[in-house]
1. Six or more apart or on different chains, Cβ atoms under 8 Å: show the pairs whose first residue is in the stretch 301-322 and touching a residue at least 12 places away in the same chain (Cβ under 8 Å) and away from the ligand (no atom under 13 Å from the Cβ) and whose second is among the aromatic types (Phe, Trp, Tyr) and in a strand (DSSP E or B).
2. Within the stretch 183-220, which residues are within 16 Å of the ligand (Cβ to nearest atom), over 21 Å from the mean Cα position of the chain (by Cα) and not in a loop (DSSP other than H, G, I, E, B)?
3. Can you name the condition, by its number, that residue 244 falls short on among (1) free of Cβ contacts under 8 Å to residues at least 24 places away in the same chain; (2) crowded, with 19+ Cβ neighbours inside 10 Å?
4. Residues in the stretch 60-109 that are outside any helix (DSSP H, G or I) and either within 16 Å of the ligand (Cβ to nearest atom) or among the hydroxyl-bearing types (Ser, Thr, Tyr) (or both): how many?
5. Please find, among 367, 371, 327, the residue that is part of a strand (DSSP E or B) and more than 16 Å from the ligand (Cβ to nearest atom).
6. Checking the conditions here, which among 121, 178 is under 18 Å from the mean Cα position of the chain (by Cα) and assigned to a loop (DSSP other than H, G, I, E, B)?
7. Go through the stretch 374-386 and give me each residue that's crowded, with 17+ Cβ neighbours inside 10 Å, touching a helix residue (DSSP H, G or I) at 6+ places or on another chain (Cβ under 9 Å) and in a loop (DSSP other than H, G, I, E, B).
Amino acid sequence: AKRHKFWETQPVGQFKDLGDESLPEGPIEPPTPLSEVKQEPYNLPSPYEWTTCDLDSEYTCNEVYVLLTNNYVEDDENMFRFNYSKEFLRWALHPPGYFKSWHIGVRVKTSKKLVAFITGVPARIRASDTVVLMAEINFLCVHKKLRSKRLAPVMIKEVTRRVHLENIWQAAYTAGVVLPTPISTCQYWHRSLNPKKLIDVGFSRLGARMTMSRTIKLYKLPDQTVTPGFRKMEPHDVPAVTRLLRNYLKQFVVAPDFDENDVEHWLLPKEDVVDSYLIESPESHEITDFCSFYTLPSSILGNQNYSTLKAAYSYYNVSTKIPWIQLMNDVLIVAKKKDYDVFNALDVMHNETFLKELKFGPGDGKLHYYLYNYRIKHVLRPSELGLVLL
Ligand SMILES: COc1cc([C@H]2SCC(=O)N2Cc2ccccc2)c(Br)cc1O
């Protein structure tokens, strides 16, 4: 297999262990006594220095936003680049119990320019029957001009060190690349909402024997949602949505262990960040179904007519009374009404039950899920995964 100089030194499932069912599920290495955790930061190459990014500072949040906007993840053909908003970054990085010290930047000593970033946030994640306090690692970004200087390994070691200092020994992360060793490999699916724009920017192509007007008609959606009792989630719904979501997530092998505080943070609607809707039964006033998506635009690189793609990403959904197809079609109707160009979903949880029928098409992006210092018995099918990372 490909040489992973760095990852072969880390407590992660190694390719050589694949299929070895004798290895027990659980931590790969025991915790280190806190007194033995390295107290001082790892050494960076001499021109650079560590910095902690306080996203409550408008200036610093903007520096992070600009770094990611210009240097974060692009598709294989370099046509699109994620464009996380400042509000989204503050939401994603300030969940209950977050540590500012886990929002790590690298600056050029002389100019103080921010040239790299990596983050962690704490999350309780259940693997099988064990709830583990983990760090969710995200936003690893090295400026385009500093690639292949081996900055990423030292940044991963530094965030790991700072996580260890908080007595946390496991982590969860995703990547578009194959590393040792995915716990699951998922596929992105896309539902066109604005097919004309998606074709113009080169994401979609006109189908064979299809005209533009026929294509627009194919993806047309009603003006209003169809399900009685469909409404936005409100603060007073937090207890009921928590119960509904906790019960739903029980069936997955790996899933977040959300409590009411987590639901309040991650799922209460925040304009242009996260949208959440639920079905309140008109008779019983019981909350029977739930759906949510987050807003993550993409910069369109090199198109004359458009600079931004407005994209919604399926987040957590629960269907107990309304059929999945009807529930998710109502979400598409809402997203179209709010002028999104595309609705994206991974094939995780029960998503495959509605993807094809609601006219999603498979994307070219595969997403690999990883756990750090935690072995699970089998590689998971996407439908066994109940975790969506931002
Ligand atoms: C280009 O095909 C895809 C690109 C992306 C990612 S990579 C950088 C970016 O901006 N994307 C978001 C996006 C951009 C365009 C359309 C849908 C989603 C994903 Br995720 C899955 C795809 O299939």
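1. Going by the 8 Å Cβ cut-off, the qualifying pairs are 315/293; 315/294; 316/290; 317/290; 318/290.
2. 195, 196, 197, 198, 199, 200
3. (1)
4. In the first step, residues of the stretch 60-109 are kept if they are outside any helix (DSSP H, G or I); the result is 72-85, 94-99, 103-109.
Now narrow it down to the ones that are either within 16 Å of the ligand (Cβ to nearest atom) or among the hydroxyl-bearing types (Ser, Thr, Tyr) (or both): 72-85, 98.
Looking only at that region, the number is 15.
5. Values: 367 fails: more than 16 Å from the ligand (Cβ to nearest atom); 327 fails: part of a strand (DSSP E or B).
Just a single option satisfies the conditions, and that option is 371.
6. On the way: 121 fails: assigned to a loop (DSSP other than H, G, I, E, B).
Going through 121, 178 in turn, just one is under 18 Å from the mean Cα position of the chain (by Cα) and assigned to a loop (DSSP other than H, G, I, E, B): 178.
7. Residue satisfying the conditions is 386 alone.
This table checks each residue for (1) among the aromatic types (Phe, Trp, Tyr); (2) closer than 19 Å to residue 331 by Cβ.
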{"residue": "215", "(1), (2)": "no, no"}
{"residue": "221", "(1), (2)": "no, yes"}
{"residue": "236", "(1), (2)": "no, no"}
{"residue": "248", "(1), (2)": "yes, yes"}
{"residue": "254", "(1), (2)": "no, no"}
{"residue": "263", "(1), (2)": "no, yes"}
{"residue": "278", "(1), (2)": "no, yes"}
{"residue": "282", "(1), (2)": "no, no"}
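The values are calculated or read from the model by the stated rules, or taken from the named source; none is laboratory data. If you're wondering where the values come from, they're calculated on a predicted model, not measured in any experiment. Quick reminder, even Gly has a Cβ in these numbers, built from the backbone with ideal geometry, and neighbours come from all protein chains shown.
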